[in-house]
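Below: the structure, in structure tokens.
The values are calculated or read from the model by the stated rules, or taken from the named source; none is laboratory data. Note that the structure is a prediction, hence the values are computed from the model and not measured. Ideal geometry is used to build each Cβ from the backbone, glycine not excepted, and the neighbour counts take in all protein chains shown.
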Amino acid sequence: MVRLSGFDPPGGETDELLAEVGELVAELVTTAADRDVLGHDRGDELIGRLLDQRPGEAPAELTETLAQLRAVLATGVDNAAPGELAYIPGSGLLTSALGDLLAGVANRYTGMSGFTPAAVALEQGVLRWLTELFDLPERSQGLLLSGGSNANLTAIVTAREKHADGRADLATIYVGEHAHASVRKAARIAGVPGPQIRVCGSSDGARLDPECVRVAIKQDLAEGLRPAAIVGAAGTTNAGAIDPLDRLADLAAELDVWFHVDAAYGGFFQLTQRGRERLAGIERADSITLDPHKSLYLPFGTGALLVRERDDLAHAFAESGDYLRDHSEDLDTLPDFSAITPELTREWRGLRLWLPLQLHGVAAFERSLDATLDLAADAWRDLRADPAVEVIGEPDLSIVVFRVVGDDAAQDAAVRAINADGRVRLSTTVIDGRVAVRLAVLSHRTTRSTVEIALRLIHEAAAVAAG
Ligand SMILES: Cc1ncc(COP(=O)(O)O)c(C=O)c1O
């Protein structure tokens, strides 16, 4: 029976607290590979109880409190399980979660470099590793943010400040029809009027057509508008398709427009030889969105933005306040994150990226992502051989898109039947106006046997659809 006697619990209590929480953590990690993604109760009764729950005046007992967490974790979709092949899977790493724990307990302030310069240096070191991975110049700067949506927003605001002098009313943004919704949302939050968010079509049904962008920009320039950014995707959410990055970079350079690449899903395939070849041109971007909580397996809550010229960030975000006058900074060698992002106070976010990279080594991520590319390519070949399945395009990265024979309702029925098994989860999207099924391999826990289960279920569902 443990009830905490203070905010900083005395030694014995802290030991018991860590031991019990540690037991639950170990259970979650060691059972992860064998857990089903679906098939759990939604937890309606529990939801009702939790909604009515209020914290008590007195400390609650530890084991009973953790029992409530266990109950929550037994419900709903377990998207950390190996069979998660829907949307963009996010698996989560213990080492990163431990980095968070340490960062939270130490609670050092890293929004300005002068407080604990070494803590900022630790984060800056890992950010430099990122900018070097994408061959960005020395004056580039990386940022860790809460996710890809915030990274896209930070990029769009930076581009608007640079290319439209903050005149959001005149700014225009160019995105592909398959661009992630967060890009259009970012442009709206940045004040770009809806009709000035130009959505360009694809030349091949999947990849942004640079000619469409060129025509739109020329027309907007002629009308006195201020083209601010072209946004290319390095792996669309729908199909993992990579836009023609080199051609978009040429266009951006020719017309003096910011070139942003949304690599939230596909960015870390840059760690592999095949990924690097397929993402060629990304190194010419003015900014790149990455999502370590997708293709680097980190727990949700970590996005990243890389910006070619760090002064552009300062131009967009620097502000001052009288209450900050005591603060000294060391900007020649270390970034002041509060001056180059929308945030002032932030967690020591770098640790959640630094610790896993230190403890696993980069090669482990490279190998895992390489295996992911193989799994997707093999799944695509397997599905292509089934006459009851129509594959849509060949995967650029690790998302396989297909239809079973039949109409939209047949696709939905197939996914319902596949997901009812509980071991794997697929999702649907709309391609060229018709529903299609997606199989997205990205979790570090997804193995060949997981994909084989999914393929067996798909073939069965396709046979049913074919009658
Ligand atoms: C290509 C792309 N961009 C941006 C996002 C948004 O990222 P987040 O969910 O981390 O905000 C996603 C999410 O799936 C994505 O796939």
For region 328-335, does any single residue satisfy the condition of being outside any loop (DSSP other than H, G, I, E, B), over 24 Å from T236 (Cα atoms) and in the same structural domain as L143 (by TED's automatic domain parsing)? no
Considering each residue of region 83-135, count those that are of a type in the set (V, I, T) and part of a loop (DSSP other than H, G, I, E, B), and give that number. 3
Would you mention how many residues in region 444-467 are free of Cβ contacts under 8 Å to residues at least 24 places away in the same chain and buried (at least 20 other Cβ atoms within 10 Å of the Cβ)? 0
I'd like to verify a number: residues in region 205-228 that are over 16 Å from R247 (Cβ atoms) and touching a residue at least 40 places away in the same chain (Cβ under 8 Å), how many? 7
What are the residues in region 74-101 that are among the hydrophobic types (A, V, I, L, M, F, W, C) and surrounded by 14 or more Cβ atoms within 10 Å (Cβ to Cβ), if any? V77, A80, A81, L85, A86, I88, L93, L94, A97, L98, L101
Out of the residues in region 83-102 that are under 19 Å from L397 (Cβ atoms) and not hydrophobic (A, V, I, L, M, F, W, C), which is farthest from the chain's Cα centre (by Cα)? E84
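Conditions tested, residue by residue: (1) within 16 Å of the ligand (Cβ to nearest atom); (2) assigned to a strand (DSSP E or B).
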| residue | (1), (2) |
| --- | --- |
| T289 | yes, yes |
| K294 | yes, no |
| Y297 | yes, no |
| F300 | yes, no |
| A304 | yes, yes |
| L313 | no, no |
| A316 | no, no |
| Y323 | no, no |
Scope region 59-82; condition in a helix (DSSP H, G or I) and touching a residue at least 24 places away in the same chain (Cβ under 8 Å); matching residues: L62, T63, L66, L69, R70, A71, V72, L73
Among (1) modelled with pLDDT of 95 or more; (2) within 15 Å of the ligand (Cβ to nearest atom); (3) within 14 Å of T236 (Cβ to Cβ), the one test that D209 misses: (2)
For the structure I just gave you, tell me whether P55 is modelled with pLDDT of 95 or more and outside the structural domain of L24 (by TED's automatic domain parsing). no
Taking S320 as the residue in question, decide whether it is under 30 Å from R214 (Cβ atoms) and either among the small types (G, A, S) or surrounded by fewer than 24 Cβ atoms within 10 Å (Cβ to Cβ) (or both). no
From the residues in region 143-178 that are surrounded by 24 or more Cβ atoms within 10 Å (Cβ to Cβ) and among the hydroxyl-bearing types (S, T, Y), which one is farthest from the ligand (Cβ to nearest atom)? T172
Of all residues in region 179-193 being of a type in the set (G, A, S) and under 15 Å from A216 (Cβ atoms), the one that is nearest to the ligand (Cβ to nearest atom): A179
Any pair with Cβ under 7 angstrom, 6 or more apart, that starts in region 155-178 at a residue that is under 13 Å from I230 (Cβ atoms) and ends at one that is of a type in the set (S, T, Y): A155/S287; A155/T289; G176/S202
Can you name every residue in region 260-286 that is within 20 Å of E161 (Cα to Cα) and either within 16 Å of the ligand (Cβ to nearest atom) or not assigned by TED's automatic domain parsing to the domain that holds A164 (or both)? H260, V261, D262, A285
Among the numbered criteria (1) in a helix (DSSP H, G or I); (2) exposed (fewer than 14 other Cβ atoms within 10 Å of the Cβ); (3) without any contact (Cβ under 8 Å) to a residue 24 or more places away in the chain, which single criterion is violated by E13? (2)
Sole exception among (1) surrounded by 17 or more Cβ atoms within 10 Å (Cβ to Cβ); (2) more than 16 Å from the ligand (Cβ to nearest atom); (3) charged (D, E, K, R) for E254, by number: (1)
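Table: residues versus (1) more than 31 Å from the chain's Cα centre (by Cα); (2) assigned to a helix (DSSP H, G or I); (3) closer than 24 Å to A97 by Cα.
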residue: R3; (1), (2), (3): yes, no, no
residue: G22; (1), (2), (3): no, yes, yes
residue: A26; (1), (2), (3): no, yes, yes
residue: I47; (1), (2), (3): no, yes, no
residue: E57; (1), (2), (3): yes, no, no
